[in-house]
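Please read the structure below before turning to the comments.
The values are calculated or read from the model by the stated rules, or taken from the named source; none is laboratory data. Bear in mind the structure is a predicted one, so any value in this text is a computation, not a measurement. Every residue, glycine as well, gets a Cβ built from its backbone with ideal geometry; the counts of neighbours run over all protein chains shown.
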Amino acid sequence: MSLNYLFYRKTLIALTGLFLCVFLVVHLSANAILLLPKDIASDLYNSYSHTLRENPFITVVAYVLYVSIIVHTLAAIFITIQNKRAKPTKYIVNHSRQNSSWHSRNMGVLGSLIFIFIIIHLANFWARIKLGIGEEVVLDTNGFKDVYSVTYDLFQNIWFVIFYAIISIPLAYHLHHGLKSGFKTIGFYHQKGLKILAKVALVYALVMGIGFGIIPIIVYFK
């Protein structure tokens, strides 16, 4: 594989990854509505979901999101395979543990776990609400699809709650390294800026990991 080809693929991973990082901020903010009292959360969450489905601009962004997930995943898999083929021999002396963190060496594993989660997540929400697959989604008193009830009911299943809570751990690790490496890949190497970026990436990863992990737990006990 040529260096230019590898660079373009890594840049593609970085750009799609950074876009997904922005999306997660919006997605977590919307999920925070679930923490409000049920009568308020229900109307607000269903209205928000309805706006997302009916707004043409959001529809375009949604397709960009789907493409980004697919491209990010496939490009990462391709590079991981190529890297393994390029280094078939394990050296006797290997200082990778000293030169890199555990999560940076296992981004492929973390990414695979997250991708599996995305498939399950889409099957439970997007496929049912958007495509009408599975049990029919009823309408609320305002005539909107009752997405709040779909979410609330799912998070009354303790196994899904545990699954969401556990998967937030590899998500946080993946985001922590991905955010830092993403900016480096697109050419951000300002010395002081990298120190700030490292702190921002840590805070971001913690907020995302804790946020996505704890909301299902709180909803379960509401």
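For Gly193, the conditions (1) modelled with pLDDT of 95 or more; (2) part of a helix (DSSP H, G or I) are fulfilled apart from (1). Determine if region 164-178 includes at least one residue that is surrounded by 17 or more Cβ atoms within 10 Å (Cβ to Cβ), at pLDDT 90 or above and over 19 Å from His27 (Cβ atoms). Yes; the residues of region 164-178 include at least one that is surrounded by 17 or more Cβ atoms within 10 Å (Cβ to Cβ), at pLDDT 90 or above and over 19 Å from His27 (Cβ atoms). Counting the residues of region 116-134 that are surrounded by 16 or more Cβ atoms within 10 Å (Cβ to Cβ), in contact (Cβ under 8 Å) with a residue 40 or more places away in the chain and not β-branched (Val, Ile, Thr) gives 1. Among residues of region 197-222 being touching a Ser or Thr at 6+ places or on another chain (Cβ under 6 Å) and not aromatic (Phe, Trp, Tyr), the one that is farthest from Phe23 (Cα to Cα) is Gly213. Selection over region 30-44 of residues that are surrounded by 15 or more Cβ atoms within 10 Å (Cβ to Cβ) and within 20 Å of the chain's Cα centre (by Cα) gives a count of 3. When Leu197 is tested against the conditions (1) surrounded by fewer than 17 Cβ atoms within 10 Å (Cβ to Cβ); (2) among the hydrophobic types (A, V, I, L, M, F, W, C); (3) more than 26 Å from Leu44 (Cβ to Cβ); (4) without any contact (Cβ under 8 Å) to a residue 24 or more places away in the chain, the lone failure is (1). Looking at region 135-161, which of the residues that are hydrophobic (A, V, I, L, M, F, W, C) and free of Cβ contacts under 8 Å to residues at least 24 places away in the same chain is nearest to Phe125 (Cα to Cα)? Looking at residues that are hydrophobic (A, V, I, L, M, F, W, C) and free of Cβ contacts under 8 Å to residues at least 24 places away in the same chain, I get Val137.
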